[in-house]
Amino acid sequence: RVLLMIVVASWIIAEGVSGFATSFSFLLVTRAIIGALTAVAWPCVASLTGDFFPARDRAAIYGLIIAGELVGMGIGFFISGEASTLLDWHWSFYAMAVPPIALVWVIWRFLPEPERGSQRWITEGEEDPNAASGRSAKGKNRRQQAHERQDSKSGSASPQDSVKRAHVRPREELIVHEDPTGWSLWHVMRYLLRLPTYGLLIAASALAYYFLSGARAFAMIYITQHYHIARSVVSPLVFVIGIGTLAGTVAGGRLSERLLRKGVADARIVVAAVALALSVPFLGLAIWTSSALFGIGLMTIGACVLSAAVAPIDAARLDIVHPRMWGRGEAGRMALRSTFEGGAPLLFGALSEWLGGGQQGLMWTFIIMLLPMLIASLLGVKARKTYLRDVATAAASSRADKS
């Protein structure tokens, strides 16, 4: 919570200073600082999500969080664009520095610092952590009882419940028997990369983001040239695609939670793998067709399906990681992902030139770069075989740490 306030406050300063830029180098430095500060915020959000929300709800919650990020980006583009049009480009940065001031106050006033790993009660049969303090005479509060009634109707409420019912054995050699709070980031990452599911999920999401990073860099050029439409028309079309992305993000989280409650223990992995695979034909046809109406429609569906994989993958990573490693685990993942996807625009551009350049070269580049999405889907299929054991390992590590 404190780190999040510091990051947002620093972001406000850097954003405001960007408006005073007098050279490209000046602006490059301030934007790099803002990029670093933005990256710091996500591990905080991941850790807070794990501590505030029970495992059974995390995919749906992640869907809402990511949807909020997308809405914020859309509003930000609109406000900064209007500010630069009505005044000048300096005011784009000044305008963006104002709203986060309210966010700092909201975090300070309304966001408490949770106890690390405080969602122990989510697993069936465990005691309510508040029982010892006398808040519940029977050892269970009303919230826990409500969840258990729901669990009895739905058959399964979280991956941890399913693992316990199925008597899935943890990986004994990877059970953590000490408090890992004092571990260094390198120690944490070495440990997490020994968990098969963690590496597979990182690779799958990195491949998906690799395509998205390259596509973002060249989408405007390709859409205007391939569909023969003006740039002024592209902006409303991007808004339509954004709505599809927003819908898919929320739907993916909710669908995985619904399947989880119906007894599909690895629902988060299944939804992610299927979404990644299904997005390929939709996006491929959208790239191939020369009809603007048909292409944008397919692109919207493809974006919707692809975004449905994001929230389940994010929630699944929390399932397999010890609560006291959530923040550092996400920090390491973000560093690996950023390093990997940072080269995507370079490869897209080079491959496009090698394939002849122009919109034809870009078309074949986009189609070829859909192959990593299929690989990501296959990695998700493979992760199904290791996921439940890694969930059991994380649960056993948490219990061993507390004992």
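Read-outs: derived from the displayed coordinates by stated rules, not from any lab. Note that the structure is a prediction, hence the values are computed from the model and not measured. Positions of Cβ are generated from backbone atoms using ideal geometry, with glycine treated the same way; all protein chains shown enter the neighbour counts.
Stretched out fully, how many nm does the piece from ALA41 to ILE6 gain, at 0.36 nm a residue minus the Cα gap?
Once the chain is fully extended between ALA41 and ILE6, it gains 11.6 nm.
Using the Karplus curve 6.51 cos²θ - 1.76 cosθ + 1.60 with θ = phi - 60°, what ³J(HN,Hα) values do you get for each residue of region 365-378, in whole Hz, with x for Gly and Pro?
5, 4, 5, 5, 6, 6, 4, x, 5, 5, 4, 4, 5, 5
Considering the dipole of the chain built from charges on the beta carbon (Lys and Arg +1, Asp and Glu -1) around the Cα centre, which of PHE211, GLY253, GLY332 is farthest to its positive end?
Most positive-ward Cα: GLY253.
Say each of LEU355 and ALA102 gets a label point 7 Å from the Cα, pointing the same way as Cα to Cβ; how far apart are those two points in nm?
4.4
Using a Förster distance of 22 Å, how high is the FRET efficiency between ARG258 and LEU64, based on the Cβ-Cβ distance and rounded to 0.05?
So, using R0 = 22 Å, E works out to roughly 0.90.
Take a quick pass over the chain and tell me how many lysine pairs come in under 23 angstrom between Cα atoms, counting only ones 8 or more apart or on separate chains.
So the count of such lysine pairs works out to 14.
Can you compute the FRET efficiency between VAL71 and ARG109 using 1/(1 + (r/R0)^6), with r the Cβ-Cβ distance and R0 = 25 Å? Round to the nearest 0.05.
0.65
Need the full-extension length gain, ALA217 to ARG384, defined as separation in residues times 0.36 nm minus the C-alpha distance. One decimal, nm.
56.8 nm
Is region 322-389 rounded, prolate or oblate when judged by the Cα gyration tensor, a ≥ b ≥ c being the square roots of its eigenvalues, rounded requiring a/c under 1.5 and prolate requiring a/b larger than b/c?
Because a/c hits 1.5 or more and a/b fails to exceed b/c, region 322-389 counts as oblate.
Suppose R0 equals 30 Å; then what is the FRET efficiency for ILE229 and PHE24 from their Cβ-Cβ distance, rounded to the nearest 0.05?
The formula returns an efficiency of 0.45 here.
Which of PRO43, PRO196, PRO112 ends up with the largest GNM mean-square fluctuation for the chain, with Cα atoms connected below 10 Å?
Result: PRO112 has the largest fluctuation of those listed.
Of the options LEU276, GLY302, TRP288, report the single residue whose Cα projects farthest towards the positive end of the charge dipole of the chain (beta-carbon charges: Lys, Arg +1; Asp, Glu -1).
Toward the positive end, the furthest listed residue is LEU276.
With +1 on each Lys and Arg Cβ and -1 on each Asp and Glu Cβ, how big is the dipole of the chain about its Cα centre, in debye rounded to the nearest 20?
1100
By the gyration tensor of its Cα atoms, with a ≥ b ≥ c the square roots of the eigenvalues, what is the shape of the chain: rounded for a/c under 1.5, prolate for a/b over b/c, or oblate?
In terms of gyration-tensor shape, prolate.
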